[in-house]
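First comes the structure, then the notes that go with it.
The values are calculated or read from the model by the stated rules, or taken from the named source; none is laboratory data. Just so we're clear, the structure is a prediction, and the values are computed from it rather than from any experiment. Note that each Cβ is placed from the backbone with ideal geometry, even for glycine, and that neighbours are counted across all protein chains shown. Quick note on the areas: whole protein, heavy atoms, side chains included, nothing else; ligands and nucleic acids left out. Shrake-Rupley method; radii C 1.70, N 1.55, O 1.52, S 1.80 Å.
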Amino acid sequence: MADLEEGFTLTAVPLGSGPDGPLGVEQSDKTDQFLVTDSGRTVILYKVSDQKPLGSWSVKQGQIITCPAVCNFQTGEYIVVHDNKVLRIWNNEDVNLDKAFKATLSAEVYRIHSIQGTEPLVLFKEGAVRGLEALLAEPQQKIETVISDEEVIKWTKFFMVFRHPVLIFITEKHGNYFAYVQKFKSRVLSKYTLLLGQEGKCVIQSFSSSVGRKFISLMSLSSDGCVYETLIPIHPSEPEKYQRLVQSQLLKSVVSGSAQNGVALTILDQDHLAVLGAPLPASKECLSVWNTKFQTLQTSKELPQGTSGQLWYYGENLFMLHGKFLTVIPYKCEVSSLAGALGKLKHSQDPGTHATPHFVNWETSQECGLGSQKSEQSKRILRRRKVEVSVQPEVPASTQLLATIQKDSEKHIEVELRKFLATKRTPDFHTIIGDVVIGLLGRCKAEPSFYPHNCLMQLVQTHVLSYSLCPGLMEVALEKTDVQILQLCLQQFPDIPESVTCACLKVFLSIGDDTLQDTDINMESVSDYMDPVQDGEMEEQTAFLQNGFNPEEDNCDNCAQKLKEKPQATADESTSCPITPKRAALFRNAILHSAYSEMFLLPHLKDIPAQHSTLFLQYLYFLYLKCSENATMTLPGTHPPTLNQIMDWICLLLDANFTVVVMIPEAKRLLLSLYKFVKSQISICSELNKIEVSFRELQKLNQEKNNRELYSIEVLELF
Amino acid sequence: MGEFNVHRVRFFNYVPSGIRCVAYNNQSNRLAVSRTDGTVEIYNLSANYFQEKFFPGHESRATEALCWAKGQRLFSAGLNGEIIEYDLQALTIKYAVDAFGGPIWSMAASPSGSQLLVGCEDGSVKLFQITPDRIQFERNFDRQKSRILSLSWHPAGTHVAAGSIDYISVFDAKSGSAIGKMLVDRQYMGVSKRKCIIWGVAFLSDGTVISVDSAGKVQIWDSATGTLVKNHLVSNADVQSIAVSDQEDSFVVGTAEGTVFHFQLVSVTSSSSEKQWVRTKPFQHHTHDVRAVAHSPTALISGGTDTHLVIRPLMEKVEVKNYDAALRKITFPHRRLVSCAKKKQLLLFQFTHHLELWRLGSTVATGKNGDTLPLSKNADHLLHLKTKGPENIICSCISPCGGWIACSTASRFFLYRLNYEHDNITLQRVSKMPVFLRSALQILFSEDSTKLFVASNQGSLHVIRLLEGGFKHLHTFQPQSGAVQSMCLLAVSPDGNWLAASGTSAGVHVYNVKQLKLHCTVPAYNFPVTALAIAPNTNNLVIAHSDQQVFEYSIPDKQYTEWSRTVQKQGFHHLWLQRDTPITHISFHPKRPMHILLHDTYMFCLIDKSLPLPNDKTLLYNPLPPRNESDVIRRRTAHAFKISKKYKPLLFVDLLDEKTLVAVERPLDDIVAQLPPPIKKKKFGT
């Protein structure tokens, strides 16, 4: 869980900065040391853990610092700009800034950026960018104009993307926002227009960004109090083309919409961001940490003396102005989990805390999503981030697909779905797939004749679904006895309830052979295992099964032999021809591997008819014998059930149905052999125990022999 | 470094006594431990769990209860019916008071520390007032039917719970009248046992009483109503001890099966404030009965018949997860029980009530590293010397020439003269010991066996000249400025000029034996001294402290040596500092003045001061001998600490001559074999 620790004040003397707050807080080349530039004339180097200044430098009276001081990580020197054009470079030993190195530039500097591992960059107010070295070589060089007139740089950030520096800056012109991404490797400048969300006209108040694998995620806090996210591609497909980017809402009303100043946000990590501002119109300003994944407030801290709307985050420390003092609040975050997020949510609902109303309830938004289609769409916009670099960003593909599902024919849906699946996967792919499945199932329920088997197969095979994401799917499949889908689901879903597992088992046991014959079942694991084993023990086993029950039902060896008898059958036919391997495949791959808890499974197992449970028992017993054939006690094939799984299921079945099974004449032989088997196991165990005891005695004797020597003279060499 | 012939001795048949009681003192972070032979030991938990003091036992004084009162005062009571107070400065018994109630089974000091309560065999509970120099009987509580086995004060001092047989009584502390009685079920697993003995009670501030009994139950009672609130069946055997933390949020119980259970007060659900006692952690560090437990703020402490003292830190209470958070198991005393006459190759072993003298064997064969050489002569048991009287031996020593043996109990000092004629030994006791030589904390002979140094428990040091068949008192060094500070460790220089003595806490004093005056005092260090020795030729005093620091102090120059300063500047290797047993003996190579031999229980180390010190990156323990390596590499990897862990647990290591070492081992299995059999627990398949 995210945790804001007790903060402390960095400056004992209030910054002489007035209401604007400091110009900037920047890292220095030593950990724990930060450069604080106030908006007047002074740069102070602080050691944060000691809460004391290490050095302070001022420019002359009459001069004014216009750009926060940064540290050149390559040389350890500090750089500052005063009076827009004058660059000063000094180091720790220098006492007086006036005597430090000075370079007067030909254009006004907006900001100097410096990060670890590369040379500092100078961004000019006109949008041009220069490396520091190149600039110092020729300070009076001509600086071109990149952005248009009246366009003003609002915010800028410098990243390293795969060891290549990338600079992003946002400009504003008449309420429109533009993003520029400058890559220095390829010297490419891409320009994007930021389209604001649905509301259109609102002022963006603060930006923050983080860099991912393919996108720069730009977060902005708007004047309506919501946080929006924009994904800017790092490697655009057509870099030269003028493109538009859509913002999507990420968090709703994190700060009061009416708050005009003193709001800021910064990204803490992948899932967390810190927001500075008043949560309610009347309330005091707060620093709050939000989890974007779960949309929950993680923690917050009130700043009763007000703040300036500036927030910096380095390492583990958040810097902000609290009243007149620069305050540091250490921040810690452990990996976020659902339980953690919900726990906090629950906790905050305690009476007494006033922060409750502006939570986005994670649970209700989910419920709505499952509920009706219409409300779902709007909600989803809230929950999703969307990237559309396409020319028509208006209708997302998933929405289109959902519409298709509602009305079009099965064939058409299939085609559309295939198209959709072929496109790139977005981060929320699994929820979209879940919605699609729910849409399909909703239609199934409405129209009994509609059952898009192929579509569902495709969707399940995307490997992103789980039982809880589409709770109705297995019920519908059970209703339609769609063994194929059930098998796939059992293989892939990690969270199937025991009742459903049991229902599947019942279907698998009761389904007619002819029906099975027509369906296409994944048999990869059973195919190896059908090789007939021609040794005496196996023969005996076959005989037993034939006596015990209808051999056609269950005996795989028998089936395999049958296969051999039909050499004319093609390979394809052979997989679909024998009945039992298919059923075996169902059992083996699907049921035996599924996760369960005995407590919940047992009551459901009791409902299985006696004949069926006997059949299943016989099959399990057969598997066991197969297992015990080799020394490693494993079955051949890919993903075979383990011996433990087999034994557990035998025990479970017997536990559940013993009174019934014991009455059935067909099961008598099976039970007898199981009984004999258990008896022999017990005798083996007791023999092993006896051996263990004698071994222990031997060991004791051995030890005594070693210890008995009460006195010896030994040679020891010390090295 | 060279090859040594090591006499590996395992015939020192030493068995530590079982632990009977432990008492933890929160103020000084010290732990008092009493053993079944009556010995009481004080461990300083702040000084790396060093056993800094001990009081010798007495045959008739089996302690049954031990407690701290009035801050730092230590009391014990036992089956002889006496209450004893210990003098922690002079390391003697201050006084003994008979309670006149038959054997005493239990004792508890009031929360304010001003009153002492004892529970007796005749069912009486007696209240004593603690005065500054004694204790005074004040009142009897209402007499109970049978013996009082456990007592506990309410933290406010208003009530007292007393565990007897089959019931628990609650007394009003002011009037001494019994106001409640809680009957304990005799049933044990459905079978009615004869009696249910309440081995321990604990009174909590909310009126809850926790009892542990012989039926394996931990029961939680409401003392106001006398009702049973909760019953935990934790064991098939007796639960013998209980200790509650000061915060009353956790307690610990010890069972006769060797298991220690930790109980904690935890919330029923995450949100509710309702709390209940839950058994959280079982620990099985003992094989036999856990007779005593204690609960320090950060650790569970347990001890029992298997003689180990186990300190198990609670990980949730430990702030820094360093080596201090590791489990400690203390088995052997932190003092020397073996002395050695190098020239005659004799070993003197000290037991509780007797001494044994052994002569080492010899061999003519030679071999390479790891070989066991054939013996041409086996070790001989020469002498078995029993002391008269019920008192335990405090210390003993054999002179370097082998001609003298001295030992002392709490009230008598023995000096013997030995004569060797071929294989015959004649022993003659030197009679008429002077009055001042009644008991000694430490005895030492000079290297030439002409002088005897005795540290008495009054803080004085006696110097005695030994003559053929007699002795002559030369001088007594009196303690400094009247402070009674008993000297526990002595060291004399081989040339006989210097005598170093260290007390339990203050610095080391160095005396000039020729001029009979105090020469200097080594600056005091925070941690107690565990071993002392003076090097030949250089007269450098080597001091080992319980925090594993080793200092070298030049006596002639009255300052730390250059090597010691270098070591302190660079610091010891972290693995050296993490050892958990103290160095108990230091000696020197007779021919190589640069070499220092020191040992603890699990290793011995030969320090070669001429080699570079190891830093944290180098391997401290060199397990394998270098093979087929050039001398260059060997020289580069060589460092000053040559450590061998081959022999353990070690009670004594010394250099007999330049090529011979003697190592006295005491394998734990041999100790276990001599303990009474533990409660048989059924294991699967046996």
Legend entry - From A:THR145, A:THR118, A:THR156, residue being under 25 Å from A:GLY309 (Cα atoms) and either outside any strand (DSSP E or B) or polar (S, T, N, Q) (or both): A:THR156
Legend entry - Positions within region A:10-30 being of a type in the set (S, T, N, Q) and modelled with pLDDT under 80, in sequence order: A:THR11, A:SER17
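Each row is one residue, and each column tells you yes or no for (1) assigned to a loop (DSSP other than H, G, I, E, B); (2) under 28 Å from the mean Cα position of the chain (by Cα); (3) at pLDDT below 90.
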position: B:GLU552; (1), (2), (3): no, yes, no
position: B:GLN568; (1), (2), (3): no, no, no
position: B:PRO623; (1), (2), (3): yes, no, yes
position: B:ARG636; (1), (2), (3): no, no, yes
Inset, instruction - Could you tell me whether any residue of region B:457-464 is at pLDDT below 90 and in contact with a Lys or Arg (Cβ under 7 Å, 6 or more places away or on another chain)? - result: no
Legend entry - Flag for B:ALA483 being modelled with pLDDT under 90 and either out of contact with any strand residue (DSSP E or B) (no Cβ under 7 Å at 6 or more places or on another chain) or closer than 23 Å to B:ASP654 by Cα (or both): yes
Legend entry - Qualifying residue in region B:415-427 (condition: on the phi < 0 side of the Ramachandran plot, touching a residue at least 60 places away in the same chain (Cβ under 8 Å), of a type in the set (Lys, Arg) and part of a strand (DSSP E or B)): no
Inset, instruction - Look at region B:43-56 and say how many of its residues are in contact with a Lys or Arg (Cβ under 7 Å, 6 or more places away or on another chain) and either crowded, with 23+ Cβ neighbours inside 10 Å or closer than 14 Å to B:GLY18 by Cα (or both). - result: 1
Legend entry - Failed criterion for A:ASN702 (all others in (1) farther than 27 Å from A:SER510 by Cβ; (2) in contact (Cβ under 8 Å) with a residue 40 or more places away in the chain; (3) polar (S, T, N, Q) hold): (2)
Legend entry - Which listed residue is charged (D, E, K, R) and open to solvent by less than 70 Å² (accessible area, probe 1.4 Å), from A:GLU687, A:GLU692, A:GLU717: A:GLU717
Legend entry - strands (runs of 3 or more DSSP E) wholly inside region A:50-103 that include at least 1 residues being without any contact (Cβ under 8 Å) to a residue 24 or more places away in the chain and more than 20 Å from A:TRP155 (Cα to Cα): A:52-58, A:77-82, A:86-90
Inset, instruction - Report the residue count in region A:647-683 for those that are open to solvent by 50 Å² or more (accessible area, probe 1.4 Å) and in a loop (DSSP other than H, G, I, E, B). - result: 2
Legend entry - region A:662-719: number of residues that are more than 9 Å from every other protein chain (Cβ to nearest Cβ), of a type in the set (S, T, N, Q) and within 30 Å of B:ASN13 (Cα to Cα): 4
Legend entry - Among the residues listed as B:VAL40, B:VAL15, B:VAL22, B:VAL33, the single one being in contact with a helix residue (DSSP H, G or I) (Cβ under 6 Å, 6 or more places away or on another chain), more than 14 Å from chain A (Cβ to nearest Cβ) and either buried (at least 19 other Cβ atoms within 10 Å of the Cβ) or within 30 Å of B:ALA663 (Cβ to Cβ) (or both): B:VAL15
Inset, instruction - Need at least 2 residues that are of a type outside the set (Lys, Arg) and surrounded by 21 or more Cβ atoms within 10 Å (Cβ to Cβ) per element, so show me which strands (runs of 3 or more DSSP E) inside region B:158-247 make the cut, counting only ones lying wholly within it. - result: B:159-163, B:167-172, B:198-203, B:208-213, B:217-222, B:239-244
Inset, instruction - Determine if region A:457-467 includes at least one residue that is touching a Phe, Trp or Tyr at 6+ places or on another chain (Cβ under 9 Å), part of a loop (DSSP other than H, G, I, E, B) and over 30 Å from A:LYS214 (Cα atoms). - result: no
Legend entry - Residue match in region A:407-422 (condition: in a helix (DSSP H, G or I), β-branched (Val, Ile, Thr) and closer than 30 Å to A:PRO641 by Cα): no
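Yes or no, residue by residue, for (1) aromatic (Phe, Trp, Tyr); (2) under 25 Å from B:ALA23 (Cβ atoms):
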| site | (1), (2) |
| --- | --- |
| B:ILE311 | no, yes |
| B:PHE332 | yes, yes |
| B:LYS342 | no, no |
| B:PHE349 | yes, no |
Inset, instruction - Kindly check whether there is at least one residue in region B:547-561 that is touching a Pro at 6+ places or on another chain (Cβ under 9 Å) and of a type in the set (A, V, I, L, M). - result: no
Legend entry - Lone unmet requirement of (1) surrounded by 19 or more Cβ atoms within 10 Å (Cβ to Cβ); (2) away from chain A (no Cβ under 14 Å) for B:PHE349: (2)
Inset, instruction - Tell me which residues, restricted to region A:65-88, are within 21 Å of A:TYR46 (Cα to Cα) and open to solvent by 20 Å² or more (accessible area, probe 1.4 Å). - result: A:THR66, A:PHE73, A:GLN74, A:THR75, A:GLU77
Inset, instruction - Among the residues of region A:454-479, write down those that are more than 22 Å from A:GLU416 (Cα to Cα) and loosely packed, with under 15 Cβ neighbours inside 10 Å. - result: A:SER468, A:GLU475, A:GLU479
Inset, instruction - Output the qualifying pairs, or none if there are none: Cβ atoms under 6 angstrom, residues six or more apart or on different chains, first residue in region B:637-651 and at the interface with chain A (Cβ under 9 Å from one of its Cβ atoms), second residue part of a loop (DSSP other than H, G, I, E, B). - result: B:ALA638/B:LEU611; B:LYS642/B:MET1; B:ILE643/B:MET603; B:ILE643/B:TYR621
Inset, instruction - Please determine, by comparing only the residues of region B:657-679 that are in a strand (DSSP E or B) and within 11 Å of chain A (Cβ to nearest Cβ), which one is surrounded by the most Cβ atoms within 10 Å (Cβ to Cβ). - result: B:VAL664
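The rows are residues; the columns are (1) modelled with pLDDT of 80 or more; (2) open to solvent by less than 30 Å² (accessible area, probe 1.4 Å).
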site: A:ILE234; (1), (2): no, yes
site: A:GLU238; (1), (2): no, no
site: A:LEU245; (1), (2): no, yes
site: A:SER248; (1), (2): no, yes
site: A:LYS252; (1), (2): no, no
site: A:GLY257; (1), (2): no, no
site: A:LEU268; (1), (2): yes, yes
site: A:LEU273; (1), (2): yes, yes
site: A:ALA278; (1), (2): no, yes
Legend entry - Positions within region A:47-71 being within 38 Å of the chain's Cα centre (by Cα) and modelled with pLDDT of 85 or more, in sequence order: A:PRO68, A:ALA69, A:VAL70, A:CYS71
Legend entry - Residue list for region B:373-402, restricted to those being farther than 18 Å from B:VAL653 by Cα, of a type in the set (Val, Ile, Thr) and either touching a Leu at 6+ places or on another chain (Cβ under 6 Å) or within 14 Å of chain A (Cβ to nearest Cβ) (or both): none
Inset, instruction - State the number of residues belonging to region B:363-372 that are open to solvent by 70 Å² or more (accessible area, probe 1.4 Å) and at the interface with chain A (Cβ under 7 Å from one of its Cβ atoms). - result: 2
Legend entry - Wholly within region B:252-298, strands (runs of 3 or more DSSP E) carrying at least 2 residues that are at negative phi and surrounded by 19 or more Cβ atoms within 10 Å (Cβ to Cβ): B:260-267, B:290-295
